[in-house]
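Only one structure is covered here, and it is reproduced in the block below.
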């Protein structure tokens, strides 16, 4: 039908359209040189790097982009793309550090009212659905998927196939069920991020319009469209941003961050920021539920892998990953391709020092510090991570958007400790006490 002949724009066209729409919706023309305007434009810094990479991968898909001598153009474009991404990530990192010194926070009121923003965000998300469905698989997944997500996708595929068999339909053998499970998880992750941004704006920023503007801007940025079907890019960010929303409940923030850390390695590096934030109130509850969530995620993943007979193989693979070992030479497509680990190791050490520093500075921390430092830690990973480091923008993009749209959060601290613990903490403490009583050896009998 003529009305269903809908063609999606390519990456370059969407870059220009997105930039024009963002300027029209959020740019304050009466304050041209304000920091918020430059923040708005700076979020498009990485797009040229992605265009270089997309062009290179169209010529020669990864991971052989750097190793194929027949396509020197692809290697040159990919290297320029990664250099651009590193430079843009450095600008983002400096902006997060600068945010620690800013006191005056003028409000960023969008040029469209709340109803118009809600309609625009809904229309944008509906447009993301065909993007996720019609995205080709010629490049495969960008970056390696964690074992937890692979196990979750496999379990979801088995449930779908069993449901089809129960309904009397024969499951397709061409991977259709797996494709729909992957795309559904990615779209649900995107929806969760947008919902969290709206809720944070409405509750913690005390402005529904700012929250809706943040969610709309997230959907409008080209990075969301590029990786709309990549669940391993967006699901950990969804858990992180919901942990920010639940900051007044340390146990819930700890549980969400623990689930993210047990499934994807990098959210664990933000734990010192959160522990320092809860130092005066709720640190023990946060840490206990963080360990519980991480342990549950790792345990379920190990159980699924053990049932498939691939647990030992997966452990050997994880221990041999060159992208996670900065002292090793890597052949993966990144700025560190073919470079000795002696050059990457100092970058990793500096990032590790930053992670440790966030556990002590500044003190005390408010919610604005948590958002800025968490984003800085996640951006810092891009500089030493050797599996296409720099492309994982969705890991920290929601936090960057919150950093731009947020008001002054100097009064947002953890709630004061209460005498009565919430019921999840009481349940967990009671269960822990029951386990200790069961494993504790009996007292020796008294000698008569």
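What follows draws every value from the coordinates through simple rules; no lab data is involved. Fair warning: this is a prediction, and the values are worked out from it, not measured in the lab. We place every Cβ from the backbone using ideal geometry, glycine too, and count neighbours over all the protein chains shown.
Quick look at the numbers
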read-out	value
Over the stretch 197-336, equivalent-ellipsoid semi-axes from the Cα gyration tensor in Å	30, 22, 15
Gain on full stretching of the segment that runs from residue 30 to residue 162 - 0.36 nm per residue minus C-alpha separation	41.6 nm
Reported label for calculated Rg and Dmax of the Cα atoms in Å given [x] 32.2, 105; [y] 24.2, 102; [z] 23.3, 97	[z]
Value of [θ]222 nm, deg cm²/dmol, for the chain, DSSP H segments ≥ 4, -39500 (n - 2.57) each, nearest 500	-21000 deg cm²/dmol
Burial ordering of 354, 399, 77, fewest other beta-carbon atoms within 10 Å first	354, 77, 399
Alpha-carbon spread of the stretch 236-282, three principal axes, descending order, Å	28, 18, 12
The chain, relative contact order [Cα under 8 Å, separation at least 6], %	18
Neighbour-count ranking [beta-carbon atoms within 10 angstrom, fewest first] of 392, 44	44, 392
Alpha carbon centroid spacing (whole Å) that separates the stretch 349-374 from the stretch 281-326	24
Net lengthening on full extension, residue 155/residue 363 (0.36 nm per residue, minus Cα-Cα)	70.5 nm
For the stretch 194-247 versus the stretch 382-406, the gap between their alpha-carbon centres in whole angstrom	13
Sequence-separation-based contact order of the stretch 243-283, relative, with Cα cut under 8 Å and 6+ spacing, percent	31
Residues 35, 329, 40 arranged by fewest to most Cβ contacts within 10 Å	329, 35, 40
Cα gyration tensor shape for the stretch 190-238, rounded if a/c is under 1.5, else prolate or oblate	oblate
Spacing of the two label points (7 Å from each Cα toward its C-beta) at residue 306 and residue 115, in nm	5.8
Gyration tensor verdict on the stretch 347-396 (Cα atoms; rounded if a/c is under 1.5, prolate if a/b is larger than b/c, oblate otherwise)	oblate
Global geometry of the stretch 269-377, whether rounded, prolate or oblate, following the gyration tensor of its Cα atoms and the 1.5 cut on a/c	oblate
